[in-house]
Structures are given as structure tokens and as C-alpha cells.
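Just below is one structure, and these are the notes that go with it.
Values quoted throughout were computed directly from the atomic coordinates according to the rules given, and no laboratory measurement underlies them. In this text the structure is predicted, and so the values were computed from the model without any measurement. Methodologically, a virtual Cβ is constructed for each residue, glycine included, from the backbone with ideal geometry; neighbour enumeration extends over all protein chains shown.
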Amino acid sequence: MTDKHKIVIIGGGAAGLELATSLGIKLGKPGLAEVILVDATSTHIWKPLLHEVAAGTLDSAEEVEYLAQAHRYHFQFRLGKMDALDRQNKQVFVSPTYSSNGEELLPRRVFSYDTLVLAVGSISNTFNIPGIQEHCLFLDTTTQAFNFQKQLVEAYIRNYAANNYSQSDQVLSIVIVGAGATGVELAAELHEVTHLLTVYGLETVNKVKITIIEAATQLLPALPQKLALETQNQLVKLDIGLKLGRRVVEVTREQIKTHDGEIIPADLKVWAAGIKAPDWLNNIDGLTTNQINQLVVDAYLQTSDPNIFALGDCAACVWPEHPNGVNIPPRAQAAHQQASTLSKTILNRLQGKAPVAFVYYDYGSLVSLGKYTTVGNLMGNLMGTVTIGGFIARIVYLSLYKMHQIAIHGYFRTAMLTLSNLFRRSTHAKIKMH
């Protein structure tokens, strides 16, 4: 037992891991506080890269081991999933951890805190549509992305075998519901994987039909209409089917049904339409939440409990500068900025100083279509809104990830990782087939 100030961070996504690393350096190393990060998995992958994990094109070196990160940057890591909160006694409860065969590896545990930070991210919002939970794949977590990649490889091989050894002419149908950044980027990445498999020798795997279904009449609602149309034209060139203005009403094992009665056959179904915070977060021990389970926070990222903060996708933070008074969007750049601000607030908290107000700077939106193109818009006070595309947009897109890496690794390690990845790509396969 120690009388040090205990900071418990739940969730090791972009916001949680950046915050734990920063506080570990500033408070954990000099022994001013005890910093504990709790996550349900043992490794971290930047969430905007999960579509590459699902397609099998992401370099495995991009994974960050929480235990190694904790040792290097002076915080503690505990494996587990939070499922309850006792605000009166300042305790969080973590459910048992089981092996793949059901054996209990870690028992149910209780962690005490002085300052609690909830950064548990978001999950897909199924809107209670029948069949989605049972028949769709999701890309909310690294585990789900790896599961999708495994099923994708098996589907490709099954399709290849059927067309070569059974004299059939089967088409592998992959349907993605949701035309936001995740859905669009995944579609382009899957098209590239199909091309690579053909090059590698699975010729008949090119009998793959990729379709995106979107309830809105425009792709990428976060982008201006001009950029959305550019993206749409690029997807059409890649022969990716687009069904806009179609609302899904039911999903079965073999097909997807839309509101206008159309039935779309689908071997693999991916749900990427809308998000919400995890259901267990809803009004947890009396904390104020909104209709999608997000914790309502003030300008200092503080919840209705002065000892509990929230950031990232699970936090509902008003965007005062926006003309419509909406909440700050669930983007990686927001999580990065919130982690930086909250780190300063917690430092001040331990010194008896005032918290730091969070101010969100919207630097624009970018969407990568793999090797084909990248589109987006940059925003700033001096230049206003600037539309970019192609090589320049790709460089800016990659720089967002580098900012995250710098936050958790520092400049030198990020530079070394970048160089090693460049050399490794010359010897490793471009896609994962296992």
C-alpha cells in the first residue's frame, strides 16, 4: 500500500495510452503519483488503422505492447475490463479474464483511485436492427479486426477452391454497412487485397464483389460534398458498388434487407454505421450520460463527479466554437488534444492549481483510399478551409499517425520505427494470410 496519489485510467486507446505515457513520465518516474492503465487487451493499435488490420495489410510492428510501454514510461498496466464503479469508496471493479478455452486467468479485482479517467472509446451502434449482432462483423477493437481478417482469408480460400476444384463460378460478396471513413477506407483496402491475391497466384479470387450501403444520400458526411463526390467517383472506378439512401432494416445469415425491399446477398457483412459508448457506461453509479451512453463532461473534461474525468469517444464534450453547438466529434485528433489538456489538468490538480480548459482545434478531415488516393480538407485561421488530395493529402494523413506515435514513443523512437518499417516492407509480404 502507498499513500501516493492514485490515477487510474480505464482504456488504452489513443487518448488513454497517450495520457498514461505522459503522466508516467511526469508523475510516475519522479514518484509523485501512481499511474495505472487498465485495458481488456494486451496490445494497442491506433484505431484509425483497424481497417488495415481487418484487411491484413497492416505491419504487425505497429502493435504496442502495454506491459513494455508501461515499463518504459513508468506507469503500471493491468489486464482486464471494467464493469462497475463505486464512487463513494472511489473504487473500480474489473471482471475476470479468461483464456480461449474458458479457464480463468485473472480473478475479479478492485482498484482504488484518487483520480479516475474513463477513456473506453466507442462501439458500433446497431440501432436495435434485427440480425446485426448475430450476423455482422465489427471493427471496434483490435480483437474484432483480427477476427475479421481471419474470416476474410478463409472466405477467399473457400472461394478460390470452389471456382478451381468444383467447376463453379461463385462470386464472394462483401457488404459494408456505413459510408463513413471506416467503411470507405475498408472498401478500398479490401479491393487492394483482392488485387494482391490475384498477383500472388489466387487468380479466381478476383471474383469478389464489394458493396457499401449507406442510409444517407452522400458518402462521408463529415467531408464537404465536393470531396465526397471525388471519393464516390474513385470508388466507382474501383468497381465498388454503392447503394446510397438505403436504410438497412434486417440482416440474416445470407443477406441484407433494406427499407425499400431490396435484398442484397452477402457472404461477409461488416457493420460500420454509427457509434455509441459501451452500454455498461450508461448512468454508471449515477454519472450523467447522454442517449448514446457518453459521459457528459464540462470544459475541463470533468464528469458530474469532481474526481472522475472522461475523454475520447466515450465523452460528450460541447464544442462552443461550432455555430450549431454540437459535441466535439469522435476523431483521433480530438482524443490526442484531450489527452494533452487533461495531462496538464491532472498535474495542476496534484499541485492545488486550477484545471486547464479544453479547446478543440479542428484541423480538418482526411480519408485514405489506400494506394489509390487520399482526400480531405485542412482548416486553419490563416488559410481558412483548403481542399487537398493525392500525395499531399497522404502525407498529412500519415502525419496524424506520427503525432500519435510521437506522443507515446517520443521523436527518436518514432523516427527509428519509421525507418525500420521502410526496410521491413521490402522483405515482408504485403498482406497477412494467416
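Tally Lys and Arg at +1 and Asp and Glu at -1 over the other residues with C-beta under 9 Å from the C-beta of ILE264: what net charge comes out?
On the way: positive: LYS243, ARG246, LYS257; negative: GLU262.
In short, +2.
In sequence order, what are the phi-derived ³J(HN,Hα) couplings for segment 356-369 according to the Karplus relation 6.51 cos²θ - 1.76 cosθ + 1.60 with θ = phi - 60°, rounded to whole Hz, with x for glycine and proline?
Taking θ as phi minus 60°, the curve returns 9, 6, 8, 10, 8, 10, 8, 9, x, 10, 9, 10, 9, 9 Hz for segment 356-369.
For the pair LYS344 and ARG72, what calculated FRET efficiency results from E = 1/(1 + (r/R0)^6), where r is the Cβ-Cβ distance and R0 = 30 Å, to the nearest 0.05?
On the way: r = 22 Å, r/R0 = 0.73.
Efficiency, rounded to the nearest 0.05: 0.85.
Could you list PHE93, PHE75 in order of exposure, starting from the residue whose Cβ has the fewest other Cβ atoms within 10 Å? It would help to have the intermediate numbers written out before the result.
Values: PHE93 15, PHE75 27.
By the 10 Å Cβ count, ascending, the order reads PHE93, PHE75.
Does segment 366-424 come out rounded, prolate or oblate, given a ≥ b ≥ c as the square roots of the eigenvalues of its C-alpha gyration tensor, rounded meaning a/c under 1.5 and, failing that, prolate meaning a/b above b/c? All intermediate terms of the calculation are to be shown ahead of the outcome.
Values: a/c = 3.30, a/b = 1.53, b/c = 2.16.
Cα axes put segment 366-424 in the oblate bin.
Taking 7 Å along the Cα-to-C-beta vector as the label spot, tell me the ARG247-GLN218 distance in nanometres, rounded to one decimal.
1.9
Amide H of SER365: which non-local residues (sequence gap of 5 or more, or other chain) have their own amide H closer than 5 Å, using H built in the peptide plane?
The answer is ASN377.
Please compute the net charge surrounding HIS336, taking Lys and Arg as +1 and Asp and Glu as -1 over other residues with Cβ under 15 Å from its Cβ.
Details: positive: LYS47, ARG331, LYS344, LYS402; negative: GLU18, ASP313, ASP362.
For residues surrounding HIS336, the net value is +1.
To make sure I understand, if each residue's beta carbon is the centre and we count other beta carbons within 10 Å, what order do GLU52, GLU34, GLU262 fall in, fewest to most? Intermediate results must be reported in sequence, preceding the final value.
Values: GLU52 22, GLU34 19, GLU262 12.
Lowest count first: GLU262, GLU34, GLU52.
Which whole-number percent is the relative contact order of segment 1-131 (Cα, under 8 Å, 6+ apart)?
Details: 228 pairs, mean separation 39.6, N = 131.
Relative CO of segment 1-131 lands at 30 percent.
I want the local charge near PHE412. Using Cβ-Cβ distances under 15 Å, sum +1 for each Lys or Arg and -1 for each Asp or Glu among the other residues. Present the calculation step by step, with values, prior to reporting the outcome.
Numbers: positive: ARG72, LYS402, ARG413; negative: none.
Net local charge, PHE412 excluded: +3.
How do TRP319, TRP46, TRP271 rank when sorted from fewest to most other Cβ atoms within 10 Å of their own Cβ?
Ordered by Cβ neighbours within 10 Å, fewest first: TRP319, TRP46, TRP271.
Along the charge dipole of the chain, Cβ charges K/R +1 and D/E -1, which of LEU378, TYR156, LEU235 sits furthest on the positive end?
LEU378
Assigning unit charges at the beta carbon (Lys, Arg +1; Asp, Glu -1) and nothing else, what dipole magnitude in debye, to the nearest 20, does the chain show about its Cα centre? Could you put the intermediate results ahead of the total?
On the way: 37 positive and 37 negative charges, 183 e Å.
Rounded to the nearest 20 debye, it is 880 debye.
Output wanted: per-residue J couplings in Hz (rounded whole) for segment 133-148, from phi through Karplus 6.51 cos²θ - 1.76 cosθ + 1.60, θ = phi - 60°, x for Gly and Pro.
Per-residue couplings from phi come out as 4, 7, 10, 9, 9, 10, 10, 7, 10, 4, 4, 5, 5, 5, 5, 4 Hz.
From the phi angles alone, apply the Karplus equation (6.51, -1.76, 1.60; θ = phi - 60°) to segment 121-128 and give each ³J(HN,Hα) in whole Hz, x where the residue is Gly or Pro.
x, 9, 10, 5, 9, 8, 6, 6
Would you list, by chain and number, the aspartates and glutamates whose Cα falls below 20 Å from the Cα of LYS371, excluding same-chain residues fewer than 8 positions away?
Cα-Cα hits under 20 Å: GLU52, ASP59, GLU62, GLU185, GLU189, GLU192, GLU230, ASP239.
For THR288 and THR143 in one chain, what is 0.36 nm times their gap in residues minus the Cα-Cα distance, to one decimal in nm?
Values: separation 145, 0.36 × 145 = 52.20 nm, distance 2.94 nm.
Gain on extension, THR288 to THR143, equals 49.3 nm.
For VAL249, enumerate residues with amide H under 5 Å from its amide H, sequence gap 5+ or separate chain, H modeled in the peptide plane.
Those lying under 5 Å, H to H, from VAL249 are LYS257, THR258, HIS259.
Using helices alone, what [θ] at 222 nm do you get for the chain, with -39,500 (n - 2.57) per DSSP H run of 4 or more residues, divided over all residues and rounded to the nearest 500? All intermediate terms of the calculation are to be shown ahead of the outcome.
On the way: 9 runs with 139 residues, N = 434.
That calculation yields -10500 deg cm²/dmol at 222 nm.
For segment 366-424, calculate the relative contact order in percent as a whole number, restricting contacts to Cα pairs under 8 Å that are 6 or more residues apart.
Details: 48 pairs, mean separation 13.9, N = 59.
The value is 23 percent.
Sequence gap at least 6, Cα distance under 8 Å: using those rules, report the relative contact order of segment 280-434 to the nearest whole percent. Please report the intermediate quantities before stating the final value.
On the way: 182 pairs, mean separation 17.6, N = 155.
Dividing the mean separation by the residue count of segment 280-434 yields 11 percent.
Taking only the alpha carbons of segment 262-349, what extent do you get along each of the three principal axes, in Å, biggest first?
56, 30, 25
Only residues of segment 19-57 count here: report those whose backbone N is under 17 Å from the spot 7 Å along Cα→Cβ of LEU417, or say none.
So the set is 19-25, 42-53.
Quick one: length gained pulling ASN128 to SER99 fully straight, 0.36 nm per residue minus the C-alpha distance? Kindly include the intermediate steps, with their values, before the conclusion.
Values: separation 29, 0.36 × 29 = 10.44 nm, distance 2.99 nm.
Taking 0.36 nm per residue and subtracting the Cα distance, the gain is 7.5 nm.
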